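Peer 1: Quick one: the structure is below, questions incoming.
The values are calculated or read from the model by the stated rules, or taken from the named source; none is laboratory data. Not measured: the values here are computed from a predicted model. Using ideal geometry, Cβ is built from the backbone for each residue, glycine included, and neighbour counts are taken over all protein chains shown.
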Amino acid sequence: MFLWAGFSPGVSGHPSALPLYRTISLSNSQPNPTPTSFRNPTATPPTQGGHGHDLFYIYCMPCHGDVGQGLTDEFRLRQYPPEDTNCWKSGCHGERPYDNGFKLPHTVPALIGANTLTKFATARNMYDFMRTAMPFSKPGSLSQEQYLQVLAFLLEQNHIVPEGTQLEADTLQNIVLRSAATPTAIASSPVAAADSSPLLLVGAIILFGVSVVYWVTRSRSSSASR
């Protein structure tokens with residue numbers, strides 16, 4: 001289940017993005033100082049995943065965290081001003097959201113980290129979900145290429161594909177996100193069910209045999225006591 005932020009850092013009630021530049025004061029020997037750049041989180045490689053990184057900061061980060069950790073207490077308390085740290089209060093994203101706002105689920109999952117994408121069997125499943133359900137406030141509002149870019153970024157960050165990988169929608173089913181060895185996959189696998197049938201049959205036969213022996217022995221004991 002994969003959720004995606006639907007508001008960005010400029011929406012009413014949420015902090016705006018920090019300024020990217022500042023002017024530093026130098027001595028009189030340099031009357032025209034050059035602006036010094038802050039660390040710019042959107043200064044990324046011109047790759048599919050690089051563009052996805054930029055889109056992540058706009059559409060996903062406000063809810064899924066600056067490092068994909070989810071909407072954790074730590075992230076909210078650090079990212080938002082005190083009056084906006086409770087995203088589920090009335091007037092924010094709770095039962096009565098702000099005008100033209102939306103209710104936010106109480107749990108927003110992490111997207112980066114061990115086993116964070118295993119809800120989806122393949123990258124194709126994840127891509128189809130993103131296109132129909134994300135961003136949360138306006139599902140399907142990005143282009144096909146933008147969804148591929150965000151997907152590429154997340155797959156790179158989770159070390160599923162190498163950095164710089166160019167994804168194609170037609171081959172996403174070849175990228176496995178959930179191992180066939182997981183309990184979910186085994187439980188839903190016809191092959192696994194077929195493999196377990198002989199074991200169940202043998203177990204049933206053994207149990208039946210033990211029951212027969214028990215009742216025969218009990219019957220003989222009752223007859224002898226008479």
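Peer 1: If you go through the stretch 170-199 one residue at a time, how many are assigned to a helix (DSSP H, G or I) and either surrounded by 10 or more Cβ atoms within 10 Å (Cβ to Cβ) or at pLDDT below 55 (or both)?
Peer 2: So the first thing to find is which residues in the stretch 170-199 are assigned to a helix (DSSP H, G or I), and the list is 170-174, 183-187, 190-199.
Those still in the list that are either surrounded by 10 or more Cβ atoms within 10 Å (Cβ to Cβ) or at pLDDT below 55 (or both) too: 171-174, 183-187, 190-199.
The total comes to 19.
Peer 1: Just to confirm my filter: which helices (runs of 4 or more DSSP H) fall fully inside the stretch 50-169 and include at least 1 residues that are surrounded by 18 or more Cβ atoms within 10 Å (Cβ to Cβ), modelled with pLDDT of 95 or more and more than 13 Å from the chain's Cα centre (by Cα)?
Peer 2: Numbers: elements: 61-64, 73-79, 123-133, 144-157.
The qualifying helices (runs of 4 or more DSSP H) are 123-133, 144-157.
Peer 1: So if I check each of Leu155, Leu167, Leu151, Leu142, which one is farther than 13 Å from Phe56 by Cβ and in contact (Cβ under 8 Å) with a residue 40 or more places away in the chain? Full working, then the answer.
Peer 2: Details: Leu155 fails: farther than 13 Å from Phe56 by Cβ; Leu151 fails: farther than 13 Å from Phe56 by Cβ; Leu142 fails: farther than 13 Å from Phe56 by Cβ.
Result: Leu167 is the single residue among Leu155, Leu167, Leu151, Leu142 that is farther than 13 Å from Phe56 by Cβ and in contact (Cβ under 8 Å) with a residue 40 or more places away in the chain.
Results for (1) among the polar types (S, T, N, Q); (2) over 20 Å from Phe102 (Cα atoms), shown as yes or no for each residue.
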{"site": "Gln48", "(1), (2)": "yes, yes"}
{"site": "Leu55", "(1), (2)": "no, yes"}
{"site": "Met61", "(1), (2)": "no, no"}
{"site": "Asp66", "(1), (2)": "no, yes"}
{"site": "Leu71", "(1), (2)": "no, no"}
{"site": "Pro81", "(1), (2)": "no, no"}
{"site": "Asp84", "(1), (2)": "no, no"}
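Peer 1: Can we say Lys89 is in the same structural domain as Pro139 (by TED's automatic domain parsing) and farther than 24 Å from His53 by Cα?
Peer 2: On the way: in the same structural domain as Pro139 (by TED's automatic domain parsing): yes; farther than 24 Å from His53 by Cα: yes.
Criteria met by Lys89.
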